[in-house]
Amino acid sequence: MRSALFVAACLIHCTVIAAEPPPLVLRDAAVFDTATGTMLPERTVVVEDGLITAIGTQEQPATIPDGATVVEAGGKYVIPGLIDAHVHLVHLADRTHVTGDEFLPLFLAAGVTSVRSAGDAIVAEVGIARYAALHPEFCPQVFLASPLIDGARPVHRDIGYSLTDPALVPAFVDEMSQWNVVTLKIYVGTPRAIGQKVIEEGHRRGMMVTGHLGRYTAQESATDGIDCLEHIWSVFNYSISPAAAKVPNPRANLDLQNPQCQALIAQLAKQKVAVDPTLVVFRNMIYLNDLEEVHQHADLQHVPKRMLRYWEAYRASSNLAPETRPLRLREIEKYQELTGLLHKAGVKILVGTDTPEPFVPPGFSLHQELELLVASGLSPAAALTSATLHNAGIVKQSDTLGSIEVGKQADLVVLSADPLADIRNTRKIDFVVHRGQVCDPAKLLERESDE
């Protein structure tokens with residue numbers, strides 16, 4: 001009911017249009033170049049009407065527009081706005097009696113200027129996306145996904161959509177197209193015949209197709225042209241050969257050099273299938289929520305108390321046994337090792353979180369995911385490129401988002417320290433620019449409910 005009322009309010013107010021901010025100039029900053037993975041020194045970035053209109057150098061200075069706000073940014077580091085490639089804005093949050101609009105400011109406060117839905121209740125999701133579009137001063141841009149396409153008995157009855165007849169797929173995809181969905185999400189109960197048809201029809205309409213796999217294997221879906229695999233499980237689970245499965249504690253002890261795993265990695269690279277590992281949800285929610293550094297992480301201070309209470313109840317019910325912790329830690333290490341192998345093989349790695357799953361706080365968990373990716377073998381530059389340019393590509397926005405270039409949307413994060421020296425410096429945010437509007441993280445956090 002709460003989601004329905006929120007959607008109604010959004011639709012009533014959709015005629016309101018946010019005013020364009022005045023021109024903005026960031027003078028003499030170091031700017032991250034996604035093409036080379038380097039910081040370009042002493043650049044002046046000019047923003048007008050929500051777009052980057054010029055990037056000046058010492059040799060070729062940019063013209064400063066009349067009436068512009070000029071920020072002396074010497075000693076600062078500017079990166080493209082971060083993009084979270086795996087979020088839910090209705091599903092998961094509804095269990096905590098928190099609606100998506102309540103935690104949207106957390107994303108911007110953490111430098112996340114766009115989010116990609118990874119499956120949700122379509123009408124409520126559209127309402128939240130429209131609300132976000134009306135309020136770029138405190139909300140990220142939202143890219144929509146379908147409900148979870150599943151088998152006869154969907155795992156998640158609130159957002160699952162049963163598709164068991166390939167002949168019904170075109171009508172479903174047409175319906176999603178009318179809602180301006182970017183991503184079609186295949187879920188665990190989907191068989192190959194349905195998956196193939198979803199990929200075919202989705203691509204026919206210019207949509208991306210991703211999968212949290214189960215019945216439909218990684219090998220099959222890659223052959224059939226899927227664009228992305230969600231969660232490292234969607235690779236790991238299909239890397240375990242029958243022989244490897246006979247080893248004691250096979251998940252914690254899997255030899256990732258086994259032929260089946262190596263063949264799958266090569267296939268994903270050849271077929272250009274992206275992988276969104278979401279390592280942070282495996283560590284924080286599933287495997288290691290009993291660690292104090294997880295369930296008492298400083299990032300949790302920004303989350304509404306209603307959400308935290310649910311997360312604590314989840315932790316109590318998961319009842320992880322201390323004696324199993326070494327195996328759980330080793331399994332997380334295996335997921336990181338596999339992520340590193342995928343990256344080294346040329347598989348495009350995305351950066352997503354699965355927020356707001358328990359102990360995966362909106363916005364701030366993206367920084368945790370970046371840290372986990374660097375610990376998995378990605379360089380800070382590679383992790384940043386994944387969180388910006390690669391993530392922009394998976395929502396078909398490579399021409400508008402993901403890098404600091406003339407003509408692109410002015411989504412920027414201004415940092416006080418170099419993230420290429422230490423990926424944790426992505427947290428040292430002076431301010432955020434979203435669609436040309438300057439956003440103060442401290443003021444954004446003030447919008448959050450204490451309850």
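Table for the structure above
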item: Which listed residue is basic (K, R), within 16 Å of the chain's Cα centre (by Cα) and either more than 20 Å from E333 (Cβ to Cβ) or at pLDDT below 95 (or both), from K408, K396; result: K396
item: Residues located in segment 97-108, provided they are part of a helix (DSSP H, G or I) and either of a type in the set (G, A, S) or modelled with pLDDT under 95 (or both); result: G100, D101, E102
item: Residue under evaluation L254, criteria (1) within 20 Å of R192 (Cα to Cα); (2) surrounded by 22 or more Cβ atoms within 10 Å (Cβ to Cβ), criterion not met; result: (1)
item: Residue within segment 135-156 that is surrounded by 15 or more Cβ atoms within 10 Å (Cβ to Cβ), assigned to a helix (DSSP H, G or I) and modelled with pLDDT of 95 or more present; result: no
item: Pairs where the first residue, in segment 27-41, is in contact (Cβ under 8 Å) with a residue 60 or more places away in the chain and not assigned by TED's automatic domain parsing to the domain that holds G56 and the second is in a strand (DSSP E or B) and buried (at least 21 other Cβ atoms within 10 Å of the Cβ), C-beta under 9 Å, 6+ apart; result: none
item: Test: residue in segment 114-128 that is among the hydroxyl-bearing types (S, T, Y), touching a Pro at 6+ places or on another chain (Cβ under 6 Å) and farther than 30 Å from E446 by Cα; result: no
item: Failed criterion for E48 (all others in (1) modelled with pLDDT of 85 or more; (2) in contact with a Gly (Cβ under 7 Å, 6 or more places away or on another chain); (3) within 30 Å of V126 (Cα to Cα) hold); result: (2)
item: Residue within segment 53-61 that is assigned to a strand (DSSP E or B) and either modelled with pLDDT under 95 or surrounded by fewer than 16 Cβ atoms within 10 Å (Cβ to Cβ) (or both) present; result: no
item: Of the criteria (1) among the hydrophobic types (A, V, I, L, M, F, W, C); (2) surrounded by 15 or more Cβ atoms within 10 Å (Cβ to Cβ); (3) more than 16 Å from the chain's Cα centre (by Cα); (4) at pLDDT 95 or above, which one V280 fails; result: (3)
item: Leading residue by the ranking (surrounded by the most Cβ atoms within 10 Å (Cβ to Cβ)) among those in segment 184-241 that are aromatic (F, W, Y) and either within 16 Å of A269 (Cα to Cα) or touching a Leu at 6+ places or on another chain (Cβ under 6 Å) (or both); result: Y187
item: Residue satisfying condition, being more than 13 Å from V47 (Cβ to Cβ), touching a strand residue (DSSP E or B) at 6+ places or on another chain (Cβ under 9 Å) and not hydrophobic (A, V, I, L, M, F, W, C), within set S449, S416; result: S416
item: Within segment 411-441, tally of residues that are free of Cβ contacts under 8 Å to residues at least 60 places away in the same chain, more than 19 Å from the chain's Cα centre (by Cα) and not in a loop (DSSP other than H, G, I, E, B); result: 1
item: Residue list for segment 303-324, filter: of a type outside the set (A, V, I, L, M), without any contact (Cβ under 8 Å) to a residue 24 or more places away in the chain and closer than 29 Å to P248 by Cβ; result: S317, N319, E323, T324
item: Selection from segment 275-302 of residues that are without any contact (Cβ under 8 Å) to a residue 40 or more places away in the chain and either in a helix (DSSP H, G or I) or farther than 26 Å from L342 by Cβ (or both); result: I286, D290, E292, E293, Q296, A298, Q301
item: Index of the failed condition, S3 passing every other in (1) modelled with pLDDT of 95 or more; (2) touching a helix residue (DSSP H, G or I) at 6+ places or on another chain (Cβ under 6 Å); result: (1)
item: Meets criteria (aliphatic (A, V, I, L, M) and touching a helix residue (DSSP H, G or I) at 6+ places or on another chain (Cβ under 7 Å)) for V155; result: no
item: From R325, R315, R309, residue being out of contact with any Asp or Glu (no Cβ under 9 Å at 6 or more places or on another chain) and either at pLDDT 95 or above or β-branched (V, I, T) (or both); result: R309
item: Matching residues in segment 350-371 - criterion: being of a type in the set (A, V, I, L, M, F, W, C) and surrounded by fewer than 24 Cβ atoms within 10 Å (Cβ to Cβ); result: none
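The values are calculated or read from the model by the stated rules, or taken from the named source; none is laboratory data. Since the model is a prediction, treat every value here as computed from it, not as a measurement. Every residue, glycine as well, gets a Cβ built from its backbone with ideal geometry; the counts of neighbours run over all protein chains shown.
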